[in-house]
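Everything on this sheet refers to the single structure shown next.
Throughout, read-outs are computed from the coordinates displayed, never taken from laboratory work. Keep in mind that what you see is a predicted model, and the values were worked out from it rather than measured. Every residue, glycine among them, receives a Cβ derived from its backbone with ideal geometry; neighbour counts consider all protein chains shown.
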Amino acid sequence: MSNQQVIYSTLRFLQSPSESPNRLRPDGNQKSGNTDGKGFSLPWYLIAVILGILCLLLLVTVAVLGTKIFQYTQENRWQREMIGNVTREHHILQNDSYLKEKLLTYKTLEYNILKNELLQQKKKQDLLFTNRTCQRENKGKFYGNCWSCYGIKCYYFIPESKNWNRCKQTCQSYNSSLLKINDEDELAFIQSQTYRNNYWIGLSYDDREQKWKWINTGPPFGINYTFMSSFGRGQCAFLSSTRTATIECSKT
């Protein structure tokens with residue numbers, strides 16, 4: 001068999017303009033879309049719009065958050081200033097209260113000092129009248145004379161032996177009463193006038209109330225004696241130059 005040269009050729013057909021513009025690539029893939037590039041602009045436009053909306057939302061969110069943070073900062077600063085003002089006012093009021101309390105203490109001390117001075121002056125004035133004679137309306141009240149006076153009060157010492165109830169009746173018959181001792185100064189004066197005698201005073205044990213009571217319960221209420229005797233029924237008080245004691249009311 002003789003050597004013959006074999007020649008292969010490829011036949012290509014031209015496509016008409018009416019046929020589809022799409023043609024196969026050499027690698028077998030089909031190219032899609034318009035050849036003028038308009039098919040690629042629509043997706044990027046949507047992406048740009050979405051990104052713009054997201055950016056706008058982000059800016060609005062940042063603006064709102066900034067406004068809230070600014071308002072919170074301003075409110076926090078206002079609250080701190082208000083707390084500071086309240087604290088200063090509290091300190092001012094506290095200092096004012098302290099000063100007023102001190103002033104009240106000083107005024108109270110001054111009042112007590114003045115009160116004591118007035119009491120001392122009153123006692124001195126009372127002592128000036130200790131040895132004066134009784135006022136004219138008191139003359140003849142007890143057997144023609146009063147024995148002594150202390151301040152505005154006059155005393156008569158009856159040197160008779162009577163029990164407590166009879167002495168009480170005698171005093172009542174002259175529109176008077178048994179002695180009620182109001183304070184220590186009066187007690188000292190009375191005891192200085194008793195010498196060695198014993199005298200009934202208007203203090204007795206009340207069986208109904210079960211306590212010691214002065215004969216006149218109105219003010220002033222008299223010295224508060226607390227006697228050591230556990231049983232006071234039927235007892236009355238008498239006064240000597242050295243002491244105040246109790247004994248049965250039927251004694252003379």
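Quick one: give the max-minus-min coordinate of the C-alpha atoms of segment 164-248 along each principal axis, largest first, in Å.
On the principal axes, segment 164-248 reaches 33, 31, 25 Å in Cα extent.
If each residue's Cβ is checked for other Cβ atoms within 10 Å, how do Phe189, Phe221 rank with the fewest at the top?
Ranking Phe189, Phe221 by Cβ neighbours within 10 Å, fewest first, gives Phe221, Phe189.
Translational diffusion coefficient, Stokes-Einstein: compute it for segment 144-209 using the Kirkwood radius over C-alpha pairs as Rh, at 37 °C and 0.692 mPa s, and state it as an integer in µm² s⁻¹.
It comes out at roughly 250 µm²/s.
Taking a virtual spin label 7 Å from the Cα of Leu103 along the C-beta vector, which residues in segment 73-96 bring their backbone nitrogen under 19 Å of it?
Only 89-96 pass the distance filter.
Number of Lys pairs in segment 48-125 with C-alpha atoms less than 28 angstrom apart, excluding same-chain neighbours closer than eight positions?
Close lysine pairs found across segment 48-125: 8.
Could you please rank Trp164, Trp78, placing first whichever residue has the fewest other Cβ atoms within 10 Å of its Cβ?
Final ranking by Cβ density, sparse to dense: Trp78, Trp164.
Sort Ile215, Ile181 so that the residue with the fewest other Cβ atoms within 10 Å of its own Cβ comes first and the one with the most comes last.
Ile215, Ile181
Could you grab the relative contact order for segment 164-248? Cα pairs under 8 Å, six or more apart, rounded to a whole percent.
Once divided by the residue count of segment 164-248, the mean separation gives 31 percent.
Determine ³J(HN,Hα), in whole Hz, for all residues of segment 238-247 in sequence, where each value follows from phi through the Karplus function 6.51 cos²θ - 1.76 cosθ + 1.60 and θ = phi - 60°; x replaces Gly and Pro.
Once θ is set to phi - 60°, the couplings for segment 238-247 become 10, 10, 10, 6, 10, 7, 10, 9, 10, 7 Hz.
Rg and Dmax of segment 48-125 over Cα atoms: what are they, in angstrom?
Taking only Cα atoms of segment 48-125, I get Rg and Dmax of 33.1, 113 Å.
List the residues, sorted by chain then number, that are 5 or more residues from Gln235 or on another chain and whose placed amide H is less than 5 Å from its amide H.
Here Tyr205, Cys249 satisfy the definition.
Apply the Karplus curve 6.51 cos²θ - 1.76 cosθ + 1.60, θ = phi - 60°, to the phi angles in segment 66-72 and return the couplings in whole Hz, x for Gly and Pro.
Each residue of segment 66-72 in turn: x, 5, 4, 5, 5, 4, 5 Hz.
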